[in-house]
1. Can you give me the relative contact order of region 324-477 as a percent, contacts being Cα pairs under 8 Å and 6 or more apart?
2. Once phi is turned into θ = phi - 60°, what whole-Hz ³J(HN,Hα) does the Karplus curve with 6.51, -1.76 and 1.60 give for every residue of region 66-74, x standing for Gly and Pro?
3. Where does the charge balance sit around CYS115 when Lys and Arg score +1, Asp and Glu -1, over other residues with C-beta under 14 Å from its C-beta?
4. What nm value, rounded to one decimal, do you get for the distance between ARG155 and LEU119 when each label is placed 7 Å out toward the C-beta?
5. Relative contact order of the chain, please, whole-number percent, based on alpha carbon pairs below 8 angstrom and at least 6 residues apart.
6. Under 17 Å from the Cα of LYS128, which aspartates and glutamates turn up, not counting those fewer than eight places away in the same chain?
7. Find out how many positive minus negative residues lie around LYS329, taking Lys and Arg as positive, Asp and Glu as negative, among other residues whose Cβ is under 10 Å from that of LYS329.
8. Just name one of LEU443, MET304, ALA215: the one whose Cα is farthest towards the positive end of the charge dipole of the chain (beta-carbon charges, Lys/Arg +1, Asp/Glu -1).
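Derivation of every value follows stated rules applied to the coordinates shown; laboratory data play no part. Just so you know, these numbers come straight off a predicted model, no measurement behind them. Positions of Cβ are generated from backbone atoms using ideal geometry, with glycine treated the same way; all protein chains shown enter the neighbour counts.
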Amino acid sequence: MAPVIQQERDLINFHMPTAFMIAGLLYLLMPVAVWMLLRSRNNLGLTVWCSGSEIFGVSLILLSLRDVVPEVVSFPLANFLLFFGSLLRLESLRMALGRPLGLVRVVFSALAMVCVYELLRRFSLQPKLHFLWSIALLIGLFGCLSWTSSQIARRDGSHSALWMSFIYVPVILTLLLRFVMVSMDVAMPGVLHNDFAGYGMVIFGVFSAVISQFAYLGVHVEASIQSEMAAVAAKAKLEESLVLGQQIAQLDRVRSVGQLSTSLAHELGQPLTNINLLIQCAESELQALPGPAAQALSGHMKDMARSTQLAIDILQRIRRFIQGKSVEKTRISVNVIAIEVADLLRDWMTLERVRPVFNFPQGELCVLGDGVQLSQILMNVYRNAVQATSGHQDRQLRITVRRAGDQVLVQIEDNGPGLSSETMAQMDQPFFSTKPDGLGVGLSISRAIAEQHGGSLQIANGPEGGACVTLTLPLEA
Ligand code: ADP
């Protein structure tokens, strides 16, 4: 029976160093993979973790070569690397937690640990004391690794850190068992000794070598996902507050415009009426003068009087609107209004080298509405169209009036650049303007007037380029 047991022991003795060697190699290889995967993050904690694991791996290999290498290498040096590697990994986790020990403390702690170990090994009367010291230290270090990763798990809600904290528990338990067995003289001291607890230590050591690296990788991936999510949330919050800021600024502008229009409607009414009276006086005096020049001037005066009257009427409408009074709607010919407004802008259009082309149906198409307000819409749309063609050789403005069922459509087309997708997207917002001196309220006001008349105002790109504005109003039979 005795030779069989001896044979088994030899077999196990042969396997223990190999197992240590495998665990050591795993500790050497796995951190390299982790470092390659995470190196783009340029994290000091990662370097410390990987270096710690590498050093730990070297120490396991040195321990496995105890029968081959000199004593000074396989005892003090191997143990120093064992403690130093574990301390470095602990330091990396503490760095992640924001509570680093500092490299100097780590180095001195490892040196102190190995000094005590060496003193016990060389001078203690009890030969197992240095072994128990080493095991006790490892229990403490793995316990700290487990506790620190559980703290990270609690703080960040990281599942990987939680896994890491569990991984060290079986290693700690087998080390503890080994400690108790050796201190009670049930087992022999010696790291490569073949007993039940020794196998457990090796098996769980290999297991922890692999899983702890995956868990560390997971901690980093989770942290980066969390920080990306936090960055996205912060960006969304910033955008939200920017939008809110813009909305507040817009509300403020609307309020200012309200105040301005009240004072404008009040203050401009009187001088405009005076100007109109003076123009009429000048016109009647010019009519009395002979000669073609006087006649031409009289014609211009008439136009000026009409424009001034329109301005007075608009101001009156604004006053009525501010006072909350409703406007009176009458039957109006759309054809007439389309021409009248073009007439009002005739001189300016001539200066701009734009000649409007009208495309009208046979009969008149009428709507029920306020003439001044409807003129305001056309005035604004014509002005935009003429401004849009600025810089073109052949500037075109085509005005089409036609019937579509029980609706009247007024289409104003130009051969300007049309509307870009960005302009289209912001078109509905009041105060949006691409012009350096634009107020960006013309289209909003025009749209509001069209809707008050039961119609709509739409702007789109025309089939041949340029913009096409369509005013739709209910037909008054
Ligand atoms: P403003 O003329 O003060 O800019 P509007 O509300 O009338 O204000 O117009 C808003 C914007 O719509 C303009 O700044 C311009 O970018 C665009 N727009 C309006 N009409 C045309 C058009 N015919 N062609 C191209 N862009 C247009």
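1. Values: 276 pairs, mean separation 38.6, N = 154.
Relative contact order of region 324-477: 25 percent.
2. Computed from phi, the couplings for region 66-74 are 3, 6, 9, 8, x, 4, 4, 7, 7 Hz.
3. Values: positive: ARG121, ARG122; negative: GLU118.
Computed value for this residue: +1.
4. 3.4 nm
5. Details: 625 pairs, mean separation 43.0, N = 477.
Computed value for the chain: 9 percent relative contact order.
6. Output for LYS128: GLU71, GLU118, ASP185, ASP195.
7. Net charge in that neighbourhood comes out at -2.
8. After comparing all options, I get ALA215.
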